[in-house]
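Since every read-out is calculated from the coordinates, none of them should be taken as a lab result. Because the structure is predicted, anything quoted here is derived from the model rather than measured. Positions of Cβ are generated from backbone atoms using ideal geometry, with glycine treated the same way; all protein chains shown enter the neighbour counts.
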Amino acid sequence: MRTQILIVGAGPVGLLLANLLGQKKIDTLLVEKRSEASRHSKAIGITPPSLRILAQLGLEETFISEGVRITDAHVHGKKERIGHLSFSALPGPYRFILSFPQRRTEEILRRKLESFPGIQFLQNHECIEYSDHGDHISARVRTETGGTLDIDADYLCACDGFRSSLRQLSGIDMPGREYSDTFLMGDYRDRSGLEREAHLFFTPSGSVESFPLPGEFRRWVVQTPFYMEDPDPDYLENSVFQRSGFALDPADREWTSPFRIYSRIMTDFYRGRLLFLGDAAHTIPPIGGQGMNTGFGDAEHAAGILASMLEGGYSAGLLRSYSRRRRKAAVTAAGRAVLSMKTGTIQGSIASALRNGILTLLLTSPFKHSLSKHYAMLALKGISSF
């Protein structure tokens, strides 16, 4: 097969990139090793810069009409309310963080692909080899029947996630670390009465985060003392009640999942004609929803330089600029996410009281408007496509 762009990985970043290329009338082949999309909600926060990118595809109204607009986030201590952040004064048309399940994000982006005749999408196909020939790149893909398919492309884009096989094949380093902090999250039918607001509880025994979801559901995230691969069935409900006072009914539980915290960023986001995007290039702690949205910025930037190079020829300068700017955006986003995580996970009566006192000052000062822009990812201008 021959295509202009080969994309490996059909998560939200790979799907967005394929759509942006399709809109530019660039022949694109998207391959995904999974046979079906995930049925879980996963990432749920879409920031204003990402909505602006989706608007380029005419999709922002679809997302906004189905999602939940979070305009306020309230912060609580063990017994007292510390303060709150409002997104209603953000600059631009999107004055909120949109709560929207990743599962549905992928469904909409998959459906949009059908409107671009130059896009082909192959599921249950896994890239197992690639070679860069200088003037083009070739890849070998294992098909759903167990055979192989050889593909030539002008450029190859790795959107195949944290365990990227293309990154391993390229040999580019991805330094970083795994943090000791661990969490358990779950989606529940919402009977809390908290409506469309986010609530964060920072207590001496650990944190609780709570976010509204579409369809009258709500996500609850609790800090855990260790990684709970097989958690006690009632652990999440008990932790939420002890730290926030909200009683969750186990019968309302739709899904739970433990997670660890990693922060790893590649030293270079390209090699030759191979570009890296999203989690394949940077694994950003999910605190504050920074990861997927940074990946959306990768997709917008990559689509622009790929179109330029297809028209004007290979440009190491454009690729170096992409790598430098997107790496800087990832480093910034990861640093913010780690700071937010470390702030929220402080335990112990004295340390927790000190943390909450500082937050009270921040959330009652003019600085809180900068915090709103920070969490809305509007402060990455100049180092990203945002």
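Here A251 meets each of (1) more than 26 Å from the chain's Cα centre (by Cα); (2) touching a residue at least 60 places away in the same chain (Cβ under 8 Å) with one exception, condition (2).
To keep it simple, each residue is scored yes or no on (1) out of contact with any Phe, Trp or Tyr (no Cβ under 8 Å at 6 or more places or on another chain); (2) of a type outside the set (F, W, Y); (3) surrounded by fewer than 20 Cβ atoms within 10 Å (Cβ to Cβ).
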| site | (1), (2), (3) |
| --- | --- |
| A89 | yes, yes, yes |
| G92 | yes, yes, yes |
| I97 | no, yes, no |
| E107 | yes, yes, yes |
| R110 | no, yes, yes |
| E126 | yes, yes, yes |
| S131 | yes, yes, yes |
| V141 | yes, yes, no |
| T145 | yes, yes, yes |
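Criterion applied to I82, I70 was being in contact with a Leu (Cβ under 6 Å, 6 or more places away or on another chain), buried (at least 16 other Cβ atoms within 10 Å of the Cβ) and either over 30 Å from T143 (Cβ atoms) or free of Cβ contacts under 8 Å to residues at least 12 places away in the same chain (or both), and the one residue passing it is I82. Taking the condition free of Cβ contacts under 8 Å to residues at least 40 places away in the same chain, more than 17 Å from P49 (Cα to Cα), surrounded by fewer than 16 Cβ atoms within 10 Å (Cβ to Cβ) and small (G, A, S), does G348 pass? In short, no. State yes or no: is I284 surrounded by 22 or more Cβ atoms within 10 Å (Cβ to Cβ), in contact (Cβ under 8 Å) with a residue 24 or more places away in the chain and at negative phi? Yes. Among the residues of segment 154-177, just one is aliphatic (A, V, I, L, M), in a strand (DSSP E or B) and more than 20 Å from the chain's Cα centre (by Cα), namely L156. Across segment 165-187, the qualifying residues are those that are buried (at least 22 other Cβ atoms within 10 Å of the Cβ) and touching a Ser or Thr at 6+ places or on another chain (Cβ under 9 Å), and the one among them that is farthest from W255 (Cα to Cα) is F183. In segment 227-248, the residues that are surrounded by fewer than 20 Cβ atoms within 10 Å (Cβ to Cβ) form Cβ pairs under 7 Å with partners that are part of a loop (DSSP other than H, G, I, E, B), at six or more places apart or across chains, as follows: Y235/M228; F241/A247; Q242/S205; F246/S192.
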